[in-house]
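Engineer: This is the structure, below, for whatever I ask next.
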Amino acid sequence: MAKYLLLKHYRGAPAAVNDVPMDRWTPEEISAHMRYMNDFAARLEETGEFVDSQALAPEGTFVRYDGEGRPPVTDGPFAETKDLIAGWMVIDVDSHERAVELAGELSAAPGAGGRPIHEWLELRPFLGAAPTITE
Amino acid sequence: MDETLLRSLTPGVLGILVRRGADFAAAEDAVQDALVEAVRVWPGDPPRDPKGWLVTVAWRRFLDAARADTARRRREDLVDGEPEPGPASAVDDTLWLYFLCAHPSLTPSSAVALTLRAVGGLTTRQIARAYLVPETTMAQRISRAKRTVSGVRFDRPGDVATVLRVLYLVFNEGYSGDVDLAAEAIRLTRGLAAAVDHPEASGLLALMLLHHARRAARTAPDGALVPLAEQDRGRWDTALIAEGVEVLQAALARDRPGEFQAQAAIAALHADAPTAAETDWVQIVEWYDELVRLTGSPVVRLNRAVAVGEADGPRAGLAALAELDDSLPRHTAVAAYLHERDGDPETAARLYAEAARKATDLAERNHLTRQAARLNTRPGR
């Protein structure tokens with residue numbers, strides 16, 4: 001029982017095998033891609049392994065505290081940011097092997113030409129709860 | 001209304017339904033419905049015979065569902081298969097349920113969820129919250145688990161060890177939600193130890209009691225982990241310790257050693273020391289030797305190295321550690337500790353920081369980071 005984050009990057013991951021930007025796909029290919037993602041999430045719900053899935057807008061703002069009584073300072077978006085998160089899925093699985101297997105399946109989502117994107121997904125374990133018995 | 005008492009009736013009620021011929025999955029749903037109904041109705045109108053009430057309501061729910069199901073099956077032209085397996089007598093109810101819910105065909109997380117619902121009488125929502133997953137996900141996990149074990153037959157008694165592993169997981173690996181999983185694990189292990197004549201069931205119960213006794217002392221007010229040596233022993237629960245020791249002694253007297261009894265013996269030796277300095281590390285090392293013989297587990301060898309470091313000095317501990325694979329979880333943390341005891345704070349600080357990066361839980365990471373920070377900012381450095 002461990003939770004993992006599957007991170008999808010707009011930028012920052014190694015190039016996918018089928019590396020065609022989405023706006024060059026046919027509308028049907030986009031629909032097929034979305035369907036695959038939804039089916040994948042639905043399947044994980046059925047196996048009792050789904051926790052959460054969200055997509056993020058590509059443009060964000062950096063914000064920081066600027067001292068008592070002053071409004072926060074904002075900056076960005078920075079066009080040169082190397083690492084840009086597109087979204088995530090959180091899964092709750094019995095083993096690291098299972099997490100890798102599922103990430104591999106998600107990376108097979110179809111893209112241009114209906115072929116798998118072979119997109120690189122980043123797999124990050126959550127820090128879990130502290131076990132009681134350690135000695 | 002005492003919800004724990006209500007939930008303690010769950011296995012018995014479920015057993016009665018199954019013995020009357022209900023299949024396990026449908027009976028389990030019906031009992032869950034009856035429990036929810038009891039929580040709603042009992043506070044205003046408590047029944048004279050709670051168990052009888054639950055059986056009546058659950059049986060009615062089961063019949064309603066079965067009728068709807070039969071109508072559907074008739075339409076689909078399905079023939080009912082062989083009769084469902086079930087316990088032979090009321091005496092076997094509880095045990096049969098424990099075995100079924102911990103069946104080896106289930107993954108650990110499914111076995112845990114099914115045990116908490118069918119034996120523990122917790123609701124799906126409570127279990128989902130305890131493990132930080134959506135309720136729909138937990139509902140699916142439980143119904144899949146029920147499908148997996150439907151049709152499982154026990155012509156021989158099941159293996160107690162599989163049940164003990166599941167209960168150990170419930171005790172040791174849960175988040176803290178509104179359900180106290182540690183207390184729940186203790187309640188379920190008590191039930192098992194009463195239903196089966198097995199020293200390891202008692203060993204696990206003793207282990208849980210002895211660790212639960214330290215609960216108040218284990219975390220600082222800010223939530224930080226307090227290591228055993230620094231705990232305020234005045235805050236240990238002496239009643240739980242006394243009970244744990246008694247259960248353990250009765251189990252050890254049976255002379256059928258096992259890993260949970262050995263682990264409990266180590267916990268009992270810690271519980272017995274008025275201060276950390278008075279800990280009987282020599283005896284603890286002997287129990288670790290026994291545990292290594294019983295399990296051969298590398299994690300046990302790692303903990304043994306810590307004990308050797310206390311009994312025979314940090315050099316001996318480091319020598320024991322050197323024989324182990326350094327990719328073991330917590331290997332680096334143990335090395336850091338032993339190097340500090342050996343008077344090498346530079347190496348210790350570096351290793352603590354490295355161990356913090358490898359930690360798999362937040363409390364452990366924060367603890368290790370604090371150790372590194374303490375050494376890096378020590379006076380006169």
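Engineer: Each residue of region A:29-45 in order: what ³J(HN,Hα) in whole Hz does its phi give by Karplus 6.51 cos²θ - 1.76 cosθ + 1.60, θ = phi - 60°, with x for Gly and Pro?
Structural biologist: 5, 5, 4, 4, 4, 4, 4, 4, 5, 5, 4, 4, 4, 5, 5, 5, 5
Engineer: Sticking with this structure for a sec: Mind checking which aspartates and glutamates have their C-alpha under 16 Å from residue A:3, skipping anything on the same chain fewer than 8 residues away?
Structural biologist: Here the aspartates and glutamates satisfying the reach criterion relative to residue A:3 are A:45, A:49, A:52, A:92, A:94, A:97, A:101, A:122, B:135, B:173, B:361.
Engineer: Taking amide H atoms as placed 1.01 Å from N in the peptide plane, list the residues 5 or more away in sequence, or in a different chain, whose amide H sits under 5 Å from that of residue B:361.
Structural biologist: The answer is A:128.
Engineer: Also, quick follow-up: Tell me the net charge near residue B:104. Cut-off is 11 Å between Cβ atoms, residue B:104 excluded, with +1 for each Lys or Arg and -1 for each Asp or Glu. Display every interim value, and only then the final one.
Structural biologist: On the way: positive: B:165; negative: B:159.
Residues close to residue B:104 contribute a combined charge of 0.
Engineer: Now for a separate question. Amide H neighbours of residue B:219 under 5 Å, at least 5 residues apart or on other chains, H built in the peptide plane: list them.
Structural biologist: Correct list: B:226.
Engineer: Sticking with this one: What is the spin-label model distance, in nm, from residue A:32 to residue B:70 if the labels are put 7 Å beyond Cα along the C-beta direction?
Structural biologist: 4.9
Engineer: Take every residue in peptide B:129-135, count the Cβ atoms of other chains within 10 Å of its Cβ, and give the average of those counts. Working shown, then result.
Structural biologist: Values: counts 0, 0, 5, 7, 10, 5, 0.
Average neighbour count from other chains, rounded to a whole number: 4.
Engineer: Using a 10 Å cut-off on Cβ atoms, rank the peptides B:303-310, B:21-28 from the highest mean neighbour count down. Intermediate results must be reported in sequence, preceding the final value.
Structural biologist: Working: B:303-310: 23.1, B:21-28: 21.4.
Top of the packing list down: B:303-310, B:21-28.
Engineer: Pick from B:248, B:204, B:362: which residue has the top mean-square fluctuation in a GNM of chain B where Cα pairs under 10 Å get a spring?
Structural biologist: B:362
Engineer: So, counting K/R as plus one and D/E as minus one, what does the shell of residues with Cβ under 11 Å around residue A:51 add up to?
Structural biologist: -3
Engineer: Full-extension gain between residue B:178 and residue B:40, please, as 0.36 nm times their residue separation minus the C-alpha to C-alpha distance.
Structural biologist: Between residue B:178 and residue B:40, full extension yields 47.8 nm more.
Engineer: Counting only Cα, what are the radius of gyration and maximum Cα-Cα distance Dmax of chain A, in Å?
Structural biologist: Reported Rg and Dmax, both Å: 18.2, 58.
Engineer: May I pose another question? Using a 10 angstrom Cβ neighbour count of at most 12 plus a DSSP loop assignment to flag exposed chymotrypsin sites (Phe, Trp or Tyr not before Pro), which longest range of chain A is free of such sites?
Structural biologist: A:1-64
Engineer: If amide H atoms are built 1.01 Å from N in the plane of the peptide, which residues on other chains or at least 5 residues away come under 5 Å of the amide H of residue A:53?
Structural biologist: Here A:90 satisfy the definition.
Engineer: DSSP loop trypsin sites (Lys or Arg not before Pro) in region A:23-124 with at most 14 other Cβ atoms within 10 Å of their Cβ, which ones?
Structural biologist: A:82
Engineer: Whole-Hz Karplus ³J(HN,Hα) for region A:53-69, in order, using 6.51 cos²θ - 1.76 cosθ + 1.60 and θ = phi - 60°, x for Gly and Pro?
Structural biologist: 8, 9, 10, 10, 5, x, 9, x, 10, 8, 10, 9, 5, 10, x, 3, x
Engineer: I need the phi-derived Karplus couplings for region B:285-301: 6.51 cos²θ - 1.76 cosθ + 1.60, θ = phi - 60°, integer Hz, Gly and Pro marked x.
Structural biologist: Values per residue, Gly and Pro as x: 4, 4, 5, 5, 4, 4, 5, 4, 4, 6, 10, x, 6, x, 5, 5, 4 Hz.
Engineer: Is region B:152-275 rounded, prolate or oblate when judged by the Cα gyration tensor, a ≥ b ≥ c being the square roots of its eigenvalues, rounded requiring a/c under 1.5 and prolate requiring a/b larger than b/c? Walk me through the numbers on the way to the answer.
Structural biologist: Numbers: a/c = 2.57, a/b = 1.47, b/c = 1.75.
Because a/c hits 1.5 or more and a/b fails to exceed b/c, region B:152-275 counts as oblate.
Engineer: Here's a follow-up. Let me confirm one metric for peptide B:361-367, namely the mean number of other chain beta-carbon atoms within 10 Å of its residues' beta-carbons.
Structural biologist: What the average comes to for B:361-367 is 4.
Engineer: Ratio to report: Rg/Rh of the protein assembly as shown, with Cα atoms as the point set and Rh obtained by the Kirkwood method; give two decimals.
Structural biologist: Using only Cα positions, Rg/Rh for the protein assembly as shown is 1.02.
Engineer: From the helices alone, meaning DSSP H stretches of at least four residues, give me the mean residue ellipticity at 222 nm for chain A, per-run term -39500 (n - 2.57), in deg cm²/dmol to the nearest 500.
Structural biologist: Computed mean residue ellipticity for chain A: -8000 deg cm²/dmol.
Engineer: What shape does region B:329-381 take by its C-alpha gyration tensor, where a ≥ b ≥ c are the square roots of the eigenvalues and a/c under 1.5 counts as rounded, a/b above b/c as prolate, and the rest as oblate?
Structural biologist: Oblate, because a/c is 1.5 or more while a/b does not exceed b/c.
Engineer: Continuing with the same structure: Compute the long axis of helix B:259-272 from its Cα atoms, compare it with the longest principal axis of the Cα atoms of chain B, and write down the angle in degrees, 0 to 90, nearest 10.
Structural biologist: 60
Engineer: Using R₀ = 30 Å, calculate the FRET efficiency as 1/(1 + (r/R₀)^6) where r is the Cβ-Cβ separation of residue B:256 and residue B:20; round to 0.05.
Structural biologist: Calculated transfer efficiency: 0.20.
Engineer: Kindly provide the helix-only [θ] at 222 nm of chain B, computed as the sum of -39,500 (n - 2.57) over DSSP H runs of four or more divided by all residues, to the nearest 500 deg cm²/dmol?
Structural biologist: The per-residue figure over chain B is -21000 deg cm²/dmol.
Engineer: I've got another one for you. Please report, in debye to the nearest 20, how large the charge dipole of chain B is about its Cα centre when each Lys and Arg carries +1 at its beta carbon and each Asp and Glu carries -1 there.
Structural biologist: Numbers: 46 positive and 53 negative charges, 214 e Å.
The dipole of chain B has a size of about 1020 debye.
Engineer: I would also like to ask the following. What average count of beta carbons from other chains do you get within 10 Å of the Cβ of residues in B:207-220?
Structural biologist: 1
Engineer: Quick one: grab the alpha carbon gyration tensor of chain B, order the square roots of its eigenvalues as a ≥ b ≥ c, and give me rounded if a/c is under 1.5, else prolate or oblate depending on whether a/b is larger than b/c.
Structural biologist: prolate
Rule-based calculations on the coordinates, nothing more; no lab input. Bear in mind that the values here come from a model prediction, so they are computed numbers and not experimental data. Here the Cβ is made from the backbone with ideal geometry for all residues, glycine too, and neighbour counts use every protein chain on show.
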